[in-house]
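Asker: Starting off with a structure, shown below.
The values are calculated or read from the model by the stated rules, or taken from the named source; none is laboratory data. As the structure is a prediction and not an experimental result, all values here were calculated from the model. Note that each Cβ is placed from the backbone with ideal geometry, even for glycine, and that neighbours are counted across all protein chains shown.
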Amino acid sequence: MRAVRIGAPGSIAAAEVPDPSPAPGQLLLRVHACGVCRTDLHLLDGEVSIPSPPVIPGHQIVATVLAAPGESAIAPGTRVGVPWLGWTCGECRYCRAGAENLCDRARFTGRDVDGGYAELAVADARFCFPLPDGFEDLAIAPLLCAGLIGFRALRLAGDGERVGLYGFGASAHVIAQVAAAEGRELYAFTRPGDGAGQDFARGLGAVWAGGSDERPSQELDCAIIFAAAGELVPAALAAVRKGGVVVCAGIHMSPIPSFSYDLLWGERVVRSVANLTRGDAREFLPLAARIPVRTTVTRYALADAPQALEDLRHGRFEGAAVIDVAGGG
Ligand SMILES: [Zn+2]
Ligand SMILES: [Zn+2]
């Protein structure tokens with residue numbers, strides 16, 4: 001099959017590789033589309049390590065089940081999504097406590113096991129989700145990480161009315177719609193001077209949009225940082241009220257500069273959000289269908305996956321990039 005693989009840091013290339021074969025409990029999948037996530041860029045840059053390279057990245061897989069050896073609740077022909085969380089041990093203290101996102105031995109799709117920048121994939125059936133109708137393949141792909149992680153971050157930010165989003169990319173453009181549907185006020189922060197990004201955010205319901213170096217028109221109840229820039233942590237703390245929560249939603253962030261304790265004082269909270277649970281997906285995917293969330297997608301052919309990552313790096317598109325594997329090219 002055709003695939004795109006990441007090897008040593010900085011090295012990504014298309015390759016012909018053997019078709020994968022499913023073990024019992026796994027599904028063999030024909031990949032239709034796979035969303036591009038900033039984590040894929042961190043893997044390429046070596047900021048998130050790959051245990052045994054090369055690996056096929058991609059953890060927002062939209063696929064049809066071709067075969068399901070052994071006992072599986074998901075029948076061949078079903079359209080499924082495959083997220084970042086690919087396997088958990090079920091035995092560690094985190095798994096037993098319902099926090100499988102923190103599993104000590106978790107395996108992640110597109111890092112520890114091959115992902116969806118490929119024509120075929122295999123995945124543990126217990127971590128695949130039948131997908132709701134009403135979304136095209138390309139449109140639903142960004143919900144599988146950008147949407148899911150964003151949703152988890154929004155829940156951990158609490159139910160405050162005024163929500164700040166730092167970095168208005170794939171996650172923010174989904175979560176803005178969820179927050180708006182919940183009747184919240186949205187404040188969007190982009191790279192300074194990114195007028196197009198600020199217009200995009202206003203178009204999705206933001207009551208205020210500006211550069212990350214600006215103070216919003218109102219004090220925020222909570223803020224979610226999707227960008228990988230550590231200097232946004234003190235900036236967001238300065239923008240939230242007493243008792244407000246700042247959630248760091250990325251897997252990697254540049255060092256956080258030191259800041260005055262005054263910014264944290266007043267029972268402000270800084271926390272990260274790590275990975276997702278299957279429960280998050282069971283809650284979020286039906287919610288996204290009900291709202292309904294509409295994603296803005298830029299399509300790339302499989303062979304153009306390296307270009308998609310460079311365009312993501314430089315902020316060259318609004319919303320999300322998706323590899324259109326079934327579309328050819
Ligand atoms: Zn575990
Ligand atoms: Zn992701």
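Asker: Being closer than 24 Å to ALA303 by Cα and crowded, with 18+ Cβ neighbours inside 10 Å narrows it down to one of VAL65, VAL48, so name that one.
Answerer: Checking each option against the conditions leaves just VAL65.
Asker: Filter segment 27-45 for residues that are crowded, with 24+ Cβ neighbours inside 10 Å and either in a strand (DSSP E or B) or within 16 Å of ligand 1 (Cβ to nearest atom) (or both) and give the result.
Answerer: Residues satisfying the conditions are LEU27, LEU29, VAL31, ALA33, CYS34, GLY35.
Asker: Could you tell me which residue of segment 91-101 is farthest from ligand 1 (Cβ to nearest atom), considering only residues that are crowded, with 16+ Cβ neighbours inside 10 Å and touching a residue at least 40 places away in the same chain (Cβ under 8 Å)?
Answerer: My answer is ASN101.
Asker: Which of the residues belonging to segment 65-89 are without any contact (Cβ under 8 Å) to a residue 12 or more places away in the chain and within 24 Å of the chain's Cα centre (by Cα)?
Answerer: none
Asker: Is there any pair linking a residue in segment 303-317 that is on the phi < 0 side of the Ramachandran plot to one that is acidic (Asp, Glu), with Cβ under 9 Å and at least six apart or on different chains, and which?
Answerer: That search, which allows pairs on different chains as well, returns ALA305/ASP40; ALA308/ASP40; LEU309/ASP40; LEU312/ASP40; ARG313/ASP45; ARG316/GLU310; PHE317/ASP311.
Asker: Also, quick follow-up: Looking at segment 121-142, which of the residues that are within 20 Å of ALA23 (Cα to Cα) and surrounded by fewer than 23 Cβ atoms within 10 Å (Cβ to Cβ) is farthest from ligand 1 (Cβ to nearest atom)?
Answerer: Residue satisfying both the conditions and the ranking: PRO130.
Asker: What do you reckon, is LEU102 more than 16 Å from ligand 2 (Cβ to nearest atom), at pLDDT 95 or above and within 21 Å of the chain's Cα centre (by Cα)?
Answerer: Yes: the conditions hold for LEU102.
Asker: For segment 209-282, which strands (runs of 3 or more DSSP E) that fit wholly inside it have 2 or more residues that are on the phi > 0 side of the Ramachandran plot and under 20 Å from the mean Cα position of the chain (by Cα)?
Answerer: The strands (runs of 3 or more DSSP E) meeting that bar number zero.
Asker: Next question, about the same structure. Report those strands (runs of 3 or more DSSP E) wholly inside segment 112-197 carrying at least 3 residues which are without any contact (Cβ under 8 Å) to a residue 40 or more places away in the chain.
Answerer: 185-190
Asker: Could you list all residues from segment 9-24 that are loosely packed, with under 10 Cβ neighbours inside 10 Å and either aromatic (Phe, Trp, Tyr) or over 18 Å from GLN307 (Cβ atoms) (or both)?
Answerer: GLU16, PRO18
Asker: Can you confirm whether GLU182 is surrounded by fewer than 15 Cβ atoms within 10 Å (Cβ to Cβ) and out of contact with any Leu (no Cβ under 6 Å at 6 or more places or on another chain)?
Answerer: Considered against the rule, which asks whether it is surrounded by fewer than 15 Cβ atoms within 10 Å (Cβ to Cβ) and out of contact with any Leu (no Cβ under 6 Å at 6 or more places or on another chain), GLU182 comes out as yes.
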